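Here is the structure we will look at, set down as structure tokens.
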Amino acid sequence: MAEKMELNEVEVWDGNYAAAQALRQAQVDVVAAYPITPSTPIVENYGAFVANGYIDGEFVMVESEHAAMSGCVGAAAAGGRVATATSSQGFMLMIEVLYQASGMRLPIILNVVNRAIASPLNVRGDHGDMYAGRDSGWIQLDAFNAQEAYDLNLCAFKIGEDINVRLPVMVHQDGFLTSHTAQNVYPLSDDEAYAFIGDYKPVDEMLDFTRAVTYGAQTEEDWHYEHKAKQHRALMDSYTVIDRVFAEFKEKTGREYKRLESYLMEDAEVAIVALGSTVETALLAAKQLRESEGLKAGVVAPRVFRPFPFNEIRDALANVKAVAVLDRSCPMGAMGALFNEVSAAMYASPHRPLITNFIYGLGGRDFSLEDAKAIFREQKGHADVGYITTPLQQFSGLRGPKLGFYEMKRSK
């Protein structure tokens, strides 16, 4: 029997420690991991919890991130509750096995502490690794601060393990900006947290020798299409379970989460759409601009990146005049990934606001209040004249000459 840990009503944790505590309270059976900055403290703390008797689980040290996810796949197929963590280059090395995990419908929890992808080498945070996983078949949740890193990990187990989902789940947080920033966190007690998640109920575990099952079968063209379509359907339909779990979490804690978070959008004329810790900066900028300049600014933030909240985005932006979609990842020859998702949603709307794309914060470059205010003011300029007055895509916070692409053409 694992030892209980006495927690205060309010703890001061960074995002990594908050995530590690959630894994401890879930009593994860196996964590297979290889350390990489800035996610190392998650598995490091889990290992300490195991060593000190706070978890009746196993910490498996492997030789790479590819091996880490391979170990997680094996442990999950055997019938265990499984989790791990990674970032950046480690995530890229894991990618091959991410598709194996989702295709086998194994509800593994992966904490991704978002960090720039080399080259050049960089240990600071941007969303290149988050975007790299968007087609891997995993549910993706996004935490904006340490409290949310804790809460969403608890929810992730309950979502992924639901019999109507049975899919792996990523919980994202920004490298250093969230992972290493200490904040007040209100945890549940060990008993409350475990009761919320519930006991793990294996499905088709390989160690049940009374009923043989096959994992990793080869299908080719005769059945591969049907398997992937069924997997996609499960991911798309998981929103009903996500909504239910978020509602149950609100009932237990009073903290409310939605698949799409909207702030100050009731009367907003201009908006920013963003992910991660940037959301809090943009929200503060919107509040200050409303007070000082009367600019009706709002913020929209996907809490669930996969399955993408297509309808919710369309509805949230239904009445705004101009929208800036912020991508913290270099698109390398295209529009930003989040911009493309939002634009697709609004193309299906009878109301199509003016939408521009800002690339920002690469390699951990700071995104300041003034940066956010400048973007809001520019959207107000578009809204006032009724057309986009700048390049469709711009790089915000870049040293040197302004960088923009895709000039807008207007008929006379």
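The values are calculated or read from the model by the stated rules, or taken from the named source; none is laboratory data. The model shown is predicted, which means the values in this text are computed figures rather than measured ones. Cβ sites come from the backbone with ideal geometry, for glycine too, and all protein chains shown count toward neighbours. To get the accessible areas, we keep the full protein, side chains included, count just its heavy atoms, and leave off ligands, DNA and RNA. Shrake-Rupley method; radii C 1.70, N 1.55, O 1.52, S 1.80 Å.
Please list, by residue number, every one of the chymotrypsin sites (Phe, Trp or Tyr not before Pro) in the stretch 382-412 that is coil in DSSP and has at most 15 other beta-carbon atoms within 10 Å. Numbers along the way, then the final one.
On the way: sites: 387, 395, 405, 406; in loops: 387, 406.
Sites meeting the loop and neighbour criteria: 387, 406.
Rounded to the nearest 0.05, what FRET efficiency is calculated for residue 223 and residue 315 with R0 set to 35 Å and r the Cβ-Cβ distance?
Values: r = 37 Å, r/R0 = 1.07.
Taking R0 as 35 Å, the efficiency between residue 223 and residue 315 is 0.40.
Rounded to 0.05, the FRET efficiency of the residue 207 and residue 166 pair, given R0 = 25 Å and the Cβ-Cβ distance, is 0.90. Which stretch or stretches of the stretch 249-275 have amide N atoms under 14 Å from the point lying 7 Å from residue 293's Cα along the Cα→Cβ direction? Residues 269-272 qualify, since their backbone N sits under 14 Å from the label point.
Whole number in Å², please: accessible area per residue of the stretch 261-405, 1.4 Å probe, ligands, DNA and RNA not counted. Mind showing how you got there, number by number?
Details: 5900 Å² over 145 residues.
It amounts to 41 Å² per residue over the stretch 261-405.
DSSP beta bridges confined to the stretch 11-253 are antiparallel in about 15 percent of cases. Protein heavy-atom accessible surface, 1.4 Å probe, per residue over the stretch 1-57: 41 Å².
What is the extension gain from residue 255 to residue 243, computed as 0.36 nm multiplied by their sequence separation minus the C-alpha to C-alpha distance, in nm to one decimal?
On the way: separation 12, 0.36 × 12 = 4.32 nm, distance 1.34 nm.
Between residue 255 and residue 243, full extension yields an extra 3.0 nm.
Note on the stretch 261-405: Kirkwood radius taken over Cα pairs, Stokes-Einstein applied at 4 °C and 1.567 mPa s, translational D equal to 87 µm² s⁻¹. Centroid-to-centroid, using Cα positions, the stretch 3-54 and the stretch 334-397 are 38 Å apart.
A run of the chain free of exposed loop cleavage sites, with GluC sites (Glu not before Pro) counted only in DSSP states other than H, G, I, E and B and at most 15 other beta carbons within 10 Å, reaches its longest extent at 64-204. Of the accessible area of the stretch 321-386, computed with a 1.4 Å probe over protein heavy atoms only, carbon and sulfur atoms account for 54 percent. Distance between the 7 Å Cα→Cβ label points at residue 349 and residue 406: 1.7 nm.
The slack between residue 230 and residue 8, meaning 0.36 nm per residue of separation minus the straight C-alpha distance, is 75.5 nm. The trypsin sites (Lys or Arg not before Pro) of the stretch 1-90 that meet both conditions, a loop assignment by DSSP and at most 12 other Cβ atoms within 10 Å of the site Cβ, are 4. The apolar share of the surface of the stretch 52-161, taken as the fraction of accessible area on carbon and sulfur atoms (1.4 Å probe, ligands and nucleic acids excluded), comes to 51 percent. Spatial offset of the stretch 270-316 relative to the stretch 188-210 amounts to 36 Å, using the alpha carbon center of each. With everything on Cα atoms, drop me the angle between helix 40-51 and the longest principal axis of the chain, reported from 0 to 90° to the nearest 10. Between the helix axis and the principal axis of the chain, the angle is about 20 degrees. Under 25 Å of direct C-alpha separation, and excluding same-chain neighbours fewer than eight residues apart, residue 380 reaches these lysines: 287, 296, 321, 402, 409, 412. Among beta bridges identified by DSSP and lying wholly in the chain, the antiparallel ones come to about 25 percent. Separation of the stretch 148-165 from the stretch 228-247 is 12 Å, based on Cα centroids. Taking every DSSP helix (H) stretch of at least 4 residues in the chain, weighting each as -39,500 (n - 2.57) and dividing the sum by the residue count yields a mean residue ellipticity at 222 nm of -12500 deg cm²/dmol.
Can you pull out the trypsin sites (Lys or Arg not before Pro) in the stretch 319-401 whose DSSP state is coil and whose Cβ has at most 11 other Cβ atoms within 10 Å? Let's see the in-between values first.
Values: sites: 321, 328, 365, 373, 377, 380, 399; in loops: 321, 328, 365, 399.
When the trypsin sites (Lys or Arg not before Pro) of the stretch 319-401 are filtered for loop state and at most 11 Cβ neighbours within 10 Å, 399 remain.
Principal axis extents of the C-alpha atoms in the stretch 11-253 (largest first, rounded to whole Å): 53, 45, 34. Surface exposure of the stretch 173-246, expressed per residue as accessible area with a 1.4 Å probe, stands at 67 Å². Note on residue 330: accessible area is roughly 50 Å² with a 1.4 Å probe, heavy atoms of protein only. To test your reading of the geometry: what angle, between 0 and 90 degrees and rounded to tens, separates the Cα axis of helix 15-25 from the longest principal axis of the chain? Between helix and principal axis, roughly 30 degrees.
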